[in-house]
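Have a look at the structure below, then the notes.
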Amino acid sequence: MKFKVTHFTEYLFSSDVFLEPHYLRLTPRQTPHNQVTAFGLDIFPEPEGLSYQTDEKGNLVHLCWFEGMTSQLSIKSESLIDVEEFNPLDFLLYPSEFFTLPFTYSEYQKSALASSLRFEPISDPLRHYGERIASEANFDTVTFITNLTRQIHDDFTVDYRQFGEPYKPDKTFELKTGSCRDLTWMQINLLRNMGVAARFVSGYFYFPIDPPIYELHAWVEVFLPGAGWVGLDPSHGIAASHSHIPIISSSSFEHAMPVTGTIRGEATSVLNTSVLIEVLD
């Protein structure tokens, strides 16, 4: 399939401000199944400079800087992506000790995955929730991660919440509801507490809808030796496949935001966003 993704972000300020340098994380990620054939940015006001780089985790990032004062910042990205269908669970865990939980990463893996293993403490009820699902899966690794993802989808209500950081994992668990980023952050910390490396993914999720208007989506990736990074979407209860178009992956949600930067000035602001995904063939 060939997708065209148009992502628009606009900040409207109550008075003129000076824009400090801004990071833009909007370029879809190349994967073995996704090929980005074109990408373009339209920014207003026009930046004084724009650099294209990779961050600490190998994600593609733009840094733009400005001169002068402005009352708005608008950013439109357009991407063309060729996506092939694939089975996200077509892999072999290797070595065999990773077939079952708990497992232990090698010293090299622990070092490389350190930020994706760092967890915040969670409540006993949330921990027991994960342990129960692992026990019911006979501690089989693949069965556990897929069952956990499906169970979160079944037990929690997905709530549209456009702005704000993810809730703390315990708050989401207590509420039994949350946005995609809330459910993702809860699952990440539950997995990390159980010794499984997990990270936050920001991207797009395509499904037929009329009118075809979408939003930025979040899901989980876990690292399993022999499989690499495997995507899991608790909002839909499925493994991430060709309908998921990743942009950026990070151990922390703060570094997966599409736009980050600051301003100089006393203005308040209003944020408007929109995402359009079109199938071209």
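With a threshold of 30 Å on the Cα-Cα distance, the over-threshold entries among 110/168; 76/171; 4/176; 110/176; 57/168 are 76/171; 4/176; 110/176.
In this view, the solvent-accessible surface of residue 14, computed with a 1.4 Å probe and all protein chains in place, comes to about 80 Å². Computed over the chain, the percent of Cα pairs more than 30 Å apart is 34. Couplings for segment 5-19, taken from phi via the Karplus curve 6.51 cos²θ - 1.76 cosθ + 1.60 with θ = phi - 60°, read 10, 10, 10, 10, 10, 9, 10, 10, 9, 6, 7, 5, 9, 9, 8 Hz in order; Gly and Pro are left as x.
Computed extension length for residue 86-residue 48: 9.5 nm, one decimal, from 0.36 nm per residue of separation with the Cα-Cα distance subtracted. The translational diffusion coefficient of segment 88-192, from Stokes-Einstein at 4 °C and 1.567 mPa s with a Kirkwood hydrodynamic radius over alpha carbon pairs, comes to 87 µm²/s.
Taking each DSSP H run with n ≥ 4 as -39500 (n - 2.57) and averaging over every residue of the chain yields -6000 deg cm²/dmol at 222 nm.
Using a cut-off of 15 Å between alpha-carbon atoms, which aspartates and glutamates can reach residue 2, once sequence neighbours fewer than 8 places away in the same chain are excluded? Those aspartates and glutamates meeting the cut-off are 78, 82, 84, 85, 278, 281.
Using the Karplus relation 6.51 cos²θ - 1.76 cosθ + 1.60 with θ = phi - 60°, the per-residue 3J(HN,Hα) values for segment 33-49 come to 10, 10, 10, 7, 8, 7, 8, x, 10, 10, 10, 10, x, 4, x, 5, x Hz, with x marking Gly and Pro.
With 5 Å bins beginning at zero, the pair-distance distribution over Cα atoms of segment 117-173 amounts to 4, 16, 21, 24, 21, 9, 3, 1 %. On the beta carbon distance between residue 119 and residue 271, with R0 = 30 Å, the FRET formula returns roughly 0.50.
Taking the accessible area of segment 29-130, probe 1.4 Å, and keeping the other protein chains in place, the carbon and sulfur fraction comes to 52%. Dipole magnitude for segment 166-281: computed about the Cα centre from +1 point charges on Lys and Arg Cβ and -1 point charges on Asp and Glu Cβ, it is near 440 debye.
Modelled spin-label separation between residue 242 and residue 99, with each label point placed 7 Å from Cα along the Cα-to-Cβ direction: 3.1 nm. Computed from Cα atoms, the angle from the helix 124-136 axis to the main principal axis of the chain rounds to 60 degrees.
The values are calculated or read from the model by the stated rules, or taken from the named source; none is laboratory data. Predicted, not measured: the structure shown is a model, and the values here were computed from it. Positions of Cβ are backbone-derived with ideal geometry, glycine not excepted, and every protein chain shown enters the neighbour counts. These area figures cover heavy atoms from the full protein model, side chains too; ligands, DNA and RNA do not enter into them. Shrake-Rupley method; radii C 1.70, N 1.55, O 1.52, S 1.80 Å.
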